[in-house]
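Here's the structure, in structure tokens; my notes come after.
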Amino acid sequence: MKFKWLAIALLTVLTLIVLLFPSFVFPQPPLSELTEARERLSEAEKNQASEYAPDLYKKAMSLYDSAMVAWANENDRIFFMKDFSSTKQLASKASETAILAKSTAQNMSKKVWSNYSKRLDIIDGQFKRFDLKYKNIPLNEVSVKQLAQTRLLYHEVSAAYEKENAGYLKENLSTLEANLTQIISHAETTMVDFFKDYSLWKQWAAAGIERSRKSNETVFIIDKMERLCYVYAKGKLTHTFNMELGANWMGDKMLSGDKTTPEGVYKVVKKKGNGQTKYYKALLLNYPNADDQKRFKENKAKGIIPKNASIGNLIEIHGDGGKGLDWTDGCVALNNNDMDKLFALASENTQVIIVGSLKPLPTK
């Protein structure tokens, strides 16, 4: 009986010790370490570690999950056999890895956004150079639409950068770069093809200026690329006028209706004053000349132009210009004040040289 009461007393004391001081008697789960691991994982995720440091973030999550599994396994054991050392160790490693994932993500994020900024700066520069170098290139309907869509995408991507919308940037920035590269490549190819006759243009212009010097003649030289009409008298430049061209001015005129301003050496065959032309005043040129007719026949024979095409005529230098865009059917248009001056300087047989450019193909 005595031992029975002694056992009861001992059990009571042990129970009180367990209830009052459980951590001194039985192992306790590492709640603080687990809480810290959760917090570090949350911080890592807020810093987009799953995006910028995916391997480290996955490892940290795996360690935390393992810690939780280890905790659950220990909870299934008898209270005096529980051992949470593995749980604690896994939780601590999860915290350390999450901290590293956060730091790595922050560094990678800075690099990624710096890269986005540099790429957008390059694109901005490409647009500016395109507008400066290729702004006057006539584009077909498909190219005009593509360029407009690319400009719109550029503004949307720029807005996404300002709003730190990484998802939109990642999805669309490469597309923007590819589209712009294609547009620039097409423009460059067009320019190179256009300038294939540069040496010939240079010869025409030099011969015209020399003719003006030797014969004391007035010669007009029209530079399509610069939209300028130069007047030479006695070999000296005396006047420069702005002008506008055919809507599809780039390249040599091939047939009637192509809205291209021809290139070649021509002469004024008729001066048309008010009432003789639908424009303010006009200087009729001898297009098509012999070279134009020869090329036209060759192009027909090669199948470059339709068999039923006509070569066209009535190419003039006329007034009613100053619209700020290329709009004629192939003629050269000056504003009326400049047309008055050019008209006074011209006479029948005045040489008119039309070239693509007096300057070589820009390399930058």
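The values are calculated or read from the model by the stated rules, or taken from the named source; none is laboratory data. Quick caveat, the model's predicted, so the values are computed rather than measured. Note: ideal-geometry Cβ built from the backbone for every residue, glycine included; neighbour counts use all protein chains shown. For accessibility, only protein heavy atoms count, side chains too; no ligands or nucleic acids. Shrake-Rupley method; radii C 1.70, N 1.55, O 1.52, S 1.80 Å.
Couple of notes before you dig in:
- Any hit, the range 184-205, residues being over 35 Å from the mean Cα position of the chain (by Cα) and under 30 Å from Asn336 (Cα atoms): yes
- Of residues in the range 179-201 being closer than 16 Å to Val144 by Cα and β-branched (Val, Ile, Thr), the one surrounded by the most Cβ atoms within 10 Å (Cβ to Cβ): Ile183
- Residue check for Ala105: within 21 Å of Ala53 (Cα to Cα), open to solvent by less than 40 Å² (accessible area, probe 1.4 Å) and touching a Pro at 6+ places or on another chain (Cβ under 6 Å): no
- Sole exception among (1) open to solvent by 60 Å² or more (accessible area, probe 1.4 Å); (2) of a type in the set (Gly, Ala, Ser); (3) within 30 Å of Ser357 (Cα to Cα) for Gly125, by number: (1)
- If you check Leu120, Leu132 for being open to solvent by less than 50 Å² (accessible area, probe 1.4 Å), under 37 Å from the mean Cα position of the chain (by Cα), closer than 30 Å to Thr189 by Cβ and hydrophobic (A, V, I, L, M, F, W, C), only one passes: Leu120.
- Residue check for Leu176: over 23 Å from Gln48 (Cα atoms), open to solvent by less than 70 Å² (accessible area, probe 1.4 Å) and at pLDDT below 95: no
- Tallying residues that are of a type in the set (Ser, Thr, Tyr) and farther than 17 Å from Phe241 by Cα within the range 336-364 yields 2.
- Within the range 130-170, being assigned to a helix (DSSP H, G or I) and in contact (Cβ under 8 Å) with a residue 40 or more places away in the chain holds for Phe130, Lys133, Tyr134, Ser143, Tyr161, Ala166, Leu169.
- Inspection of the range 291-314 finds a residue satisfying the criterion of being among the aliphatic types (A, V, I, L, M), in contact with a Ser or Thr (Cβ under 9 Å, 6 or more places away or on another chain) and open to solvent by 10 Å² or more (accessible area, probe 1.4 Å).
- The set of residues from the range 146-158 being at pLDDT 95 or above and open to solvent by less than 40 Å² (accessible area, probe 1.4 Å) comprises Thr150, Leu153, Tyr154, Val157, Ser158.
- For the criterion of being assigned to a loop (DSSP other than H, G, I, E, B) and either free of Cβ contacts under 8 Å to residues at least 60 places away in the same chain or small (Gly, Ala, Ser) (or both), Pro288 passes.
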